[in-house]
Amino acid sequence: MSLPAALRLFYRVKPLLPRRMQIALRRVRAARILSGLGGERVRPSAAPPAGGYPWPGGARSAVLLTHDVESAEGMERIPMLLDAEREAGVRSCWNFVAEKYPVDPGLLCGLAGEGHEIGVHGLLHDGRLFSSPEVFAERMRRIRATADAWGARGFRSPSLLHDGSLLATLSFEWDSSVPAWDPFQPVPGGSGNYFPYMLNDVCMELPVTLWQDFTLFEELGVRDIGIWREQAAAIHGMGGLIDVIVHPDYVTDERLESYRELLRFLRTLEGAVFLLPSAIPRDGA
């Protein structure tokens, strides 16, 4: 599967569009999509493994907290989210873009030293990673080199763009580029799977199962975590992976409090275990 021609064209002209216009267009699109969903927020998942997914310690479900850092400004806001996670006693995965902005090795060491995990969030975040198999292979070579330098074991595609045939060639331990179901993404829909699954013999897919913070707060203009609560409760009920993305780039004081509220709510899910990507077991492990 290759990305639609219209989507490839959009990413070519996107740098020419003022940021305010981009967001306005996305809000119109998001409102139209939401109006067509009725009350649907989670779809039935592909069948879980027999007997349920093998979460550690017999846990009912798992929570994966992730942050995609899209800019140098986002790096400056990392301490805001870190403070919230320290208060909640949880750790998360921080995904940095390989060649878009300089990444301080001291920051990576500090995060790892506190027990967080590092991932690579594409090469340039320009929407062109999947433009052809040749581009993908060349960029992935450079991404892999950066991952080795950072000690990163996993990958997430910018904007959750994905091509199954190309992702199946990944040599990372984990990937988290495919939503379970998200009608708002540039590639809408998803795998239909709220459980981890193998892309190939070495790489495990960790589906993104909650709608992104940018979708909720910027595109849909919501002011609370009601959708997140509904989605997380449903995924917990099916015994799946609650995988959420929160971008430091878009954090405000109000949204920081929403994140704190989300962490408090996730803590109330009886039998849910907080895991980093590298600690998530493979089916049958």
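Key figures for this structure:
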quantity	calculated
Those residues of the range 200-228 which are among the charged types (D, E, K, R) and outside any loop (DSSP other than H, G, I, E, B), in sequence order	Glu205, Asp213, Glu218, Glu219
Residue tally, condition of a type in the set (A, V, I, L, M, F, W, C) and free of Cβ contacts under 8 Å to residues at least 12 places away in the same chain, over the range 138-185	2
Every residue from the range 130-144 that is within 19 Å of Asp175 (Cα to Cα) and assigned to a helix (DSSP H, G or I)	Pro133, Val135, Phe136, Ala137, Glu138, Arg139, Met140, Arg141, Arg142, Ile143, Arg144
Lone unmet requirement of (1) under 23 Å from Glu173 (Cβ atoms); (2) hydrophobic (A, V, I, L, M, F, W, C); (3) surrounded by fewer than 20 Cβ atoms within 10 Å (Cβ to Cβ) for Phe96	(3)
Residue that is nearest to the chain's Cα centre (by Cα), among those in the range 98-129 that are part of a loop (DSSP other than H, G, I, E, B) and small (Gly, Ala, Ser)	Gly122
Within the range 110-144, tally of residues that are surrounded by fewer than 19 Cβ atoms within 10 Å (Cβ to Cβ), more than 14 Å from Val97 (Cβ to Cβ) and either in contact with a His (Cβ under 8 Å, 6 or more places away or on another chain) or not hydroxyl-bearing (Ser, Thr, Tyr) (or both)	12
Subset tally (residues that are buried (at least 19 other Cβ atoms within 10 Å of the Cβ), aromatic (Phe, Trp, Tyr) and not in a loop (DSSP other than H, G, I, E, B)) for the range 145-179	2
Residue match in the range 215-235 (condition: of a type in the set (Ser, Thr, Tyr), surrounded by 22 or more Cβ atoms within 10 Å (Cβ to Cβ) and within 13 Å of the chain's Cα centre (by Cα))	no
Odd one out for Arg260 among (1) assigned to a helix (DSSP H, G or I); (2) under 14 Å from the mean Cα position of the chain (by Cα)	(2)
Qualifying residue in the range 67-85 (condition: in contact with a Pro (Cβ under 7 Å, 6 or more places away or on another chain), surrounded by 13 or more Cβ atoms within 10 Å (Cβ to Cβ) and assigned to a strand (DSSP E or B))	yes
Matching entry among Ser131, Ser191 (being in contact (Cβ under 8 Å) with a residue 60 or more places away in the chain and under 23 Å from Gly36 (Cα atoms))	Ser191
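Quick note: the coordinates plus some simple rules give every number you see, no bench work behind them. This one's a predicted model, so the numbers in the text were calculated from it and none came from an experiment. Backbone-built Cβ (ideal geometry, glycine too); neighbour counts: all protein chains shown.
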